[in-house]
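Worksheet for the structure shown next.
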Amino acid sequence: MPARRGRHVVLLINLTWLGLAALGCLGGTAIAQGPYLHGTAIDVRMLTWDGFWYQGIAQHGYSWNPASGETLGQHQNVAFFPLYALVDWAAMKLAGSARPIVDILPGLGFGLCANAAFYRLAQKFTPRPGFATACFAFWPASCFNAMAYPTGLINLCVIMTLLNHTQNRTWRAAFWCGIGTAAAPTNVFVAAAIGLDATRDWWRSGRNLKTLPRLIAFGLLSLSGLLIFMAYQAVQFGDPLAFVAAQNGFTHSVPVLQHVLLVFDPLWYEIPPQFAWTTIQNAIHHRLLTTPAGREVACAAFQLVLDLLVLSVWISLLAIAWRRHHLGTIALAGWFVTLGYIWFMATTDKGLVNGIRMLYPAIGAFLVLGRLHIRPALGAALLTLLSTLAVVETALVAAGYTVI
């Protein structure tokens, strides 16, 4: 009976999320258009930003020109990890079509599977797995599951890695983690967490040199997707780190010391609210919202403030996970994902963007929500807020605004 009830809960959550996504898509056709609207069909509207890159890799493969690829503004597709593009390629072959819906459907499927996998993990660690799973499924970044992004795939690999790790299924955990490292650098931070945990166990068990090869094999398997991608680049382009060099085309790098200071500079984190206040003033006094470009500015302000709020809440929840609930490796993986976001995105020239998406795999925060003694009314309010934000984000994408 409990297993059947769990399946019913997951089914209800998944159907509700699909309904929220559909409502967001419908809302996007009703609100004022943004500057990046590129079609009329809903699947054409939702395939955008990184989705185009994965579609292009699936259709044409990777390319790399080191002469220009390291120049800011010269974007090249080797910067994107290969697993979702491979899935995309397989879906196109099976469907015999390159319609955007073919690119989008795998992401939807992975998102639904990630919700189901999270419920299994939440059953093990929270007294309210349904509530925690609903928070996870209705998270605002769930819109990316409908945008041909690998968001659901990343989350699924993270969850299966940590679920198997907590069940002492060491090699299964490394296997899932290895798959994830072919999908995104996010999973490399999770590999660091389970690798650190395995190293600690080896150290405490006497540092037996006979078991060291096993530890090394565990580490290699947990990074296997990334290592295979690097081997491909070495053969194809003569540079196993071409994907790292390609990041220079997207983000301006700063000296390490300056970067460290920026991480701890409170003035840096004041930029989003200042920008939002200026945007509000311009909307009131200068008719900012009357043009697509002006509305895009307002959307950017909204995204930045939301990302800053999420980062603040996530740090608080992960601190609770570490100190009060002793979630161990799950909390450690969440911290690594969060710190990776701060270093590689939030304190670069990109600013505090992508927070709702890149912090999504820090699933320890969602587990804390399922362990806190939240009153039913407050819990309902939280789910309503998350659902509303999920609909809004999906609507903004469908209407042609920047949600990356």
Full-extension gain in nm, His60 to Arg204, via 0.36 nm per residue minus C-alpha separation: 46.9 nm
Comparing Pro185, Pro150, Pro376 in a Gaussian network model of the chain (Cα, 10 Å), the one with the largest mean-square fluctuation is Pro376
Once Thr290 and Leu72 are pulled to full extension, the length gained, defined as 0.36 nm per residue separation minus their Cα-Cα distance, is 75.3 nm
If a/c stays under 1.5 just call it rounded; otherwise compare a/b with b/c (prolate if a/b is bigger, oblate if not). Do that for the range 257-330, with a ≥ b ≥ c from the square roots of the Cα gyration tensor eigenvalues. prolate
Run down the aspartates and glutamates and flag those whose C-alpha is under 15 Å from the C-alpha of Lys93, throwing out any fewer than 8 positions away in its chain. Asp103
From the Cα gyration tensor of the chain, with a ≥ b ≥ c the square roots of its eigenvalues, which class applies: rounded if a/c is under 1.5, or else prolate if a/b is larger than b/c, or else oblate? rounded
Label-point separation, Arg99 to Trp171 (7 Å along Cα→Cβ), nm: 4.3
Label point 7 Å out from Arg120 along Cα-to-Cβ: which residues of the range 145-166 have amide N under 17 Å? 152-166
Between Trp268 and Lys350, the two model label points (7 Å from Cα along the beta-carbon direction) sit apart by a distance in nm of 1.4
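Bear in mind these aren't lab numbers, they're just calculated from the coordinates by the rules spelled out. Computed from a prediction, not measured in an experiment: that's the story for all the values here. Please note: Cβ atoms are built from the backbone with ideal geometry, for glycine as well, and neighbour counts cover all protein chains shown.
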